[in-house]
1. Spot the failing condition for E158; the list is (1) closer than 23 Å to A14 by Cβ; (2) surrounded by fewer than 21 Cβ atoms within 10 Å (Cβ to Cβ); (3) of a type outside the set (A, V, I, L, M); (4) free of Cβ contacts under 8 Å to residues at least 40 places away in the same chain, and only one is missed.
2. I'd like the residue in region 84-141 that is hydrophobic (A, V, I, L, M, F, W, C) and without any contact (Cβ under 8 Å) to a residue 24 or more places away in the chain and, out of all such residues, is surrounded by the most Cβ atoms within 10 Å (Cβ to Cβ).
3. Name the single residue that is farthest from R4 (Cα to Cα) among those in region 52-106 being in contact with a Gly (Cβ under 8 Å, 6 or more places away or on another chain) and not in a helix (DSSP H, G or I).
4. Go through (1) of a type outside the set (A, V, I, L, M); (2) under 21 Å from V93 (Cβ atoms); (3) buried (at least 23 other Cβ atoms within 10 Å of the Cβ) and name the single condition R60 misses.
5. Is it fair to say K24 is more than 21 Å from D142 (Cα to Cα) and either touching an Asp or Glu at 6+ places or on another chain (Cβ under 6 Å) or touching a residue at least 40 places away in the same chain (Cβ under 8 Å) (or both)?
Amino acid sequence: MRRRYVVDTNVLIAASAADPVQPKDIDATPDDPALRGQVWEWLDRFQRGDTRMVLDAAGRIMEEYSRKLGFNDFGIQVVMHKWSTAAVDDVEVAYDADESAILAAPLTELVHDNADRKMVAAALASRRAFGEGCIAFAGDTDWHDWEAGLLEQGVLLEPIIEAWSRAKHAQKQAR
């Protein structure tokens, strides 16, 4: 694991659906319980380790997490654990009037999903502040669309279930 991660919401959702203690009956991607289990295992290691979580100081990433999951869900509990152990780095992210994170060109054109822009902006801010910016993701294959452009800007991606996400991305590209 890296030292710091911006964790995409889909990781928290899939891990919460696979939680062996209190699974959440929610729509999560991927559908396969074994793949969800891999996401849960990654998030469990993330929680138990000394890896830090990167969030935006404005709280918009946490707002998204909270819209998708409840307080007792595993994904939210991981965030709470990181806060309670002082393992969260809050970074400054600027937002426009529509509450979309502001990105500089060429990322403005590249990252078309407004919800993901805040994750990218947080990773960029983490890179500026700490020398590293990495986004961990699971079920959202759009990240592969943006991978080369993000890497050019110093944003790393960690696809937790990489073989699955690359295969899904290839299927999407073939359409």
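Throughout, read-outs are computed from the coordinates displayed, never taken from laboratory work. In this text the structure is predicted, and so the values were computed from the model without any measurement. Don't worry about glycine lacking a Cβ; one is built from the backbone with ideal geometry, like all the others, and counts go over all protein chains shown.
1. Failed condition: (4).
2. At the first step, the residues of region 84-141 found to be hydrophobic (A, V, I, L, M, F, W, C) are 86-88, 91, 93-94, 97, 101-105, 107, 110-111, 115, 119-125, 129-130, 134-138.
Going one step further and asking which of them are without any contact (Cβ under 8 Å) to a residue 24 or more places away in the chain, we end up with 86, 97, 102-105.
Details: A86: 8, A97: 5, I102: 13, L103: 19, A104: 9, A105: 7.
This residue is L103.
3. For region 52-106, the residue satisfying everything is P106.
4. Every condition holds for R60 apart from (3).
5. Values: more than 21 Å from D142 (Cα to Cα): yes; either touching an Asp or Glu at 6+ places or on another chain (Cβ under 6 Å) or touching a residue at least 40 places away in the same chain (Cβ under 8 Å) (or both): yes.
Against the criterion (more than 21 Å from D142 (Cα to Cα) and either touching an Asp or Glu at 6+ places or on another chain (Cβ under 6 Å) or touching a residue at least 40 places away in the same chain (Cβ under 8 Å) (or both)), K24 qualifies.
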